[in-house]
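Data block below; observations after.
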Amino acid sequence: MEIMTESKNYQILNEYESVFLKIKSTEKTILIGDFYGDPEIAMISGDEKCCVMGGAGIIIYYLTEPFEAYKYDAESTQWKEWGRDDPENTQWINNIVFLDDRHIEVETENMQKLTLAIY
């Protein structure tokens, strides 16, 4: 597995199209995302309350118990998705920036910049 990013308490890893969260204190590893094509970017918020992954759309995964494993085409309070629900209109992500504790800026492949709420 390749390390995409890390913080004091977490690592974000990927292997092929899957993204995993490793909790450093317990060495526990959880599937937190699955992308068509490989994920392009992953970031952990400065307060370690969430992480954001991008590639074919975005997954925001909340870093709280119970650390539920990601399931494609399922809804959960553990994560939310953007730009992934319609295969004909998938948003391909070039970059993600945390603007503050509640918002991210997303740059799509056509250089469009959008502000999205984290919560």
Flag for SER7 being under 21 Å from LEU116 (Cα atoms) and either among the β-branched types (Val, Ile, Thr) or modelled with pLDDT of 95 or more (or both): no
All strands (runs of 3 or more DSSP E) inside the range 35-106 with 3 or more residues being touching an Asp or Glu at 6+ places or on another chain (Cβ under 9 Å): 50-55, 57-62, 93-98
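Of the residues that make up the range 74-81, is at least one among the aromatic types (Phe, Trp, Tyr) and under 11 Å from the mean Cα position of the chain (by Cα)?
yes
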Contacts under 9 angstrom Cβ, first residue in the range 27-45 being among the basic types (Lys, Arg), partner surrounded by fewer than 22 Cβ atoms within 10 Å (Cβ to Cβ), 6 or more apart: LYS28/LYS22; LYS28/PHE67
Hits in the range 49-80 - residues which are surrounded by fewer than 17 Cβ atoms within 10 Å (Cβ to Cβ), touching a strand residue (DSSP E or B) at 6+ places or on another chain (Cβ under 8 Å), modelled with pLDDT of 95 or more and within 15 Å of SER18 (Cα to Cα): ALA69
Residue count, the range 1-26 (criterion: touching a residue at least 24 places away in the same chain (Cβ under 8 Å) and either in a strand (DSSP E or B) or β-branched (Val, Ile, Thr) (or both)): 9
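The values are calculated or read from the model by the stated rules, or taken from the named source; none is laboratory data. Treat the numbers as computed from the prediction; the structure is a model and nothing was measured. Neighbour counts are summed over all protein chains in view; Cβ atoms, including those assigned to glycine, are modelled from backbone coordinates with ideal geometry.
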